[in-house]
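Participant: Take this structure first; my questions come after.
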Amino acid sequence: MKNVLYFFVTLMALAAMPAQAQDFMYEFGPEFFTTVGQHQTPTKAVDPFSIQIGDANADGHITIADVTLMIDILLGKFATYDTRRWADVNQDGSLTISDVSILIDYLLGGELPHPVKESYDYVWDDQVIPEIHLDVSLAEWNRLLELYDANIYTTQYVMANITFIKEGDTTRVDSVGLRIKGNTSRDRPEGNQYGVPHQTNTNIWRRISYGVNLRKYVDDDAHTISGIRKLHLRSGRIDPSYVREIFSYNLFTRAGIWTAIRDIFCRVWIYIEGDDNEVYLGVYQLLEPIDKRYLKDRKDKFDSSNGYLWKCKSNTSLTNPDGDIWYDDDTDDRHSYTLKTQTEEFDTAKVQLIDFMNKLTNLNDEEFYVWIQQVTDVDLLLHTYAINVAVGSWDDYWNHANNYYMYFSGKGLDDYKFFFIPYDYDSTLGTSTIAGAQNDAGRQDPLNWGLPSNPLIYRIIQFEDFKAIYVKYLLEAVDEQYALMDRESAQARINGWYNRIGPYVSNDTGREMTIEDKPSAFGIHPEYNLMGNDFNNFFNAKALSINKLRETSK
């Protein structure tokens, strides 16, 4: 009887579906469907981390209503990112008729699948807050302190060990590389005086960011965590809310920006040889590094992982061919444009970058319009930048000529695609300062976000068709139906994170011990909040500034 009913319902679903839809997978991404269906959809205020896979309508129960909603989505009904994720029963990244069949089987007495997570899905599993334990010999730790004291921007590694614990599954890797990371948030890991080595059982610790390279000293298969070779442990110490960066990267993902990195919360401990106990540093973020492995993981979308990846920091307006252009030479020297991959081909990569700059700045409007469509996916670029502006990232390319990566997928002067990769979002969601063209990241005009002297986005949106694309994605970001960055859905996600990390924020350093709903201390708009519902709520303010563009989009 079970098999007959299973076959009958599945056959009905297939028969009802248009032929072209039967083979089409609605993958997570920017596609939004507007057909109105009759079945219940979840409210935006649902904590997305509390919903069981299969509970597509988020009502707390898996029933036939979830099956009918899934079929409606396959037939074209609008569904948010969360709804499609909850409906992805086999967790393969897309909603198909297979998910409907699996859920019917479950309702008839079967079991839901529990796919084994590997590699990125294992390490960056946003349903889990892993533990990361670092232990360092006294000699190596003192060497790290000496490196910092000699140059606060040191990028040099010392040897350490790491233990990664996830749901009771423990992976230990010895002899890994450990270094200090960060820019303005850098600080001495311990102690108040330069030149002073580690003090046994010290109580003067700081929550700084670290980079871990598991294959720095030993290059073999054992020196990975489920195949992952590098980790970026971000303290987020300049953000009292604890959520600005993770919210931003999560929003990029929800909007379908596949170039965005993965980011989850984790908990970090450190032990120095000779101390009585390890020190609990508190809640960190575990960020995916932007490196060769990042490119390989997205090879099919980039078309090639062997191109030129550039890290761009400070004075990177893409207009000065005589600027500070160099490659990653494993020194502590800091450059505006740093080639991170294929460094042995630096001369070729530099010629390509300068040619890109010259065309960006010197082509006339007609030539530029043709060229920019040849060398980049304009839709993806504008979608990325719309989200960048929506979260209020002022320390960026357009406004501050800072903080981004770019990737050229080919090696010639014409046969490549240019990709803008979003990066560094801890100073967002209301944290504002006087920089570039603005002093208020919540209320700044999105069409004049930055300076014309940083021309990439400015030149593109001078064309009405490109401007319309940019405005469309801005409006979608704050539109309630898409549940991206309207206040209600944004606060539901933030509350979900707070419910998970709240018990773990207090730590042994005595610093950043509580979650506070305010911008960074250096910001000039302390009135902004994330969890209220007033004029100074960042999501309300941003929606107001973006919705002023609605008339221009008609």
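Participant: Of all residues in segment 245-285, how many are outside any helix (DSSP H, G or I) and in contact with a helix residue (DSSP H, G or I) (Cβ under 8 Å, 6 or more places away or on another chain)?
Facilitator: So the count comes out to 18.
Participant: Let me ask something additional. Answer with yes or no whether Gly412 is closer than 22 Å to Ile457 by Cα and part of a loop (DSSP other than H, G, I, E, B).
Facilitator: Criteria not met by Gly412.
Participant: Moving on to the next point. Determine whether Asp99 is assigned to a helix (DSSP H, G or I), out of contact with any Lys or Arg (no Cβ under 6 Å at 6 or more places or on another chain), closer than 30 Å to Ile165 by Cα and not aromatic (Phe, Trp, Tyr).
Facilitator: no
Participant: Related question: Within segment 418-444, count every residue that is closer than 26 Å to Trp258 by Cα and either open to solvent by 30 Å² or more (accessible area, probe 1.4 Å) or not hydrophobic (A, V, I, L, M, F, W, C) (or both).
Facilitator: Selection size over segment 418-444: 10.
Participant: Restricting to segment 111-127, name every residue that is open to solvent by less than 20 Å² (accessible area, probe 1.4 Å) and either touching a Phe, Trp or Tyr at 6+ places or on another chain (Cβ under 9 Å) or free of Cβ contacts under 8 Å to residues at least 60 places away in the same chain (or both).
Facilitator: If the condition is that a residue be open to solvent by less than 20 Å² (accessible area, probe 1.4 Å) and either touching a Phe, Trp or Tyr at 6+ places or on another chain (Cβ under 9 Å) or free of Cβ contacts under 8 Å to residues at least 60 places away in the same chain (or both), then Val123 is the only one that fits.
Participant: If we keep just the residues of segment 83-95 that are part of a loop (DSSP other than H, G, I, E, B) and touching a strand residue (DSSP E or B) at 6+ places or on another chain (Cβ under 8 Å), which is surrounded by the most Cβ atoms within 10 Å (Cβ to Cβ)?
Facilitator: Checking each candidate, the answer is Asp88.
Participant: I would also like to ask the following. Given the conditions (1) free of Cβ contacts under 8 Å to residues at least 24 places away in the same chain; (2) touching a helix residue (DSSP H, G or I) at 6+ places or on another chain (Cβ under 9 Å), and given that Glu288 satisfies all but one, which numbered condition is not satisfied?
Facilitator: With (1) free of Cβ contacts under 8 Å to residues at least 24 places away in the same chain; (2) touching a helix residue (DSSP H, G or I) at 6+ places or on another chain (Cβ under 9 Å) applied to Glu288, the lone miss is (1).
Participant: Related question: Take the conditions open to solvent by 20 Å² or more (accessible area, probe 1.4 Å) and either within 18 Å of Ile290 (Cβ to Cβ) or hydroxyl-bearing (Ser, Thr, Tyr) (or both) and apply them to Lys350. Does it pass?
Facilitator: Judged against the criteria, Lys350 is not a match.
Participant: Out of the residues in segment 214-263 that are open to solvent by 10 Å² or more (accessible area, probe 1.4 Å) and of a type in the set (Val, Ile, Thr), state the one that is farthest from Ser119 (Cα to Cα).
Facilitator: Ile238
Participant: Of the conditions (1) open to solvent by less than 30 Å² (accessible area, probe 1.4 Å); (2) in a helix (DSSP H, G or I); (3) within 25 Å of Gly256 (Cβ to Cβ), Ser393 clears all except one; give me its number.
Facilitator: (2)
Participant: Let me ask something else. Specify the residue that is nearest to the chain's Cα centre (by Cα); the eligible residues are those in segment 184-203 that are open to solvent by 50 Å² or more (accessible area, probe 1.4 Å) and under 27 Å from Asp239 (Cβ atoms).
Facilitator: In this case the residue turns out to be Thr184.
The values are calculated or read from the model by the stated rules, or taken from the named source; none is laboratory data. Everything numeric in this text was worked out from a predicted model, so none of it was measured. Neighbour counts are summed over all protein chains in view; Cβ atoms, including those assigned to glycine, are modelled from backbone coordinates with ideal geometry. Only protein heavy atoms, including side chains, enter the accessible area calculation; ligands, DNA and RNA are left aside. Shrake-Rupley method; radii C 1.70, N 1.55, O 1.52, S 1.80 Å.
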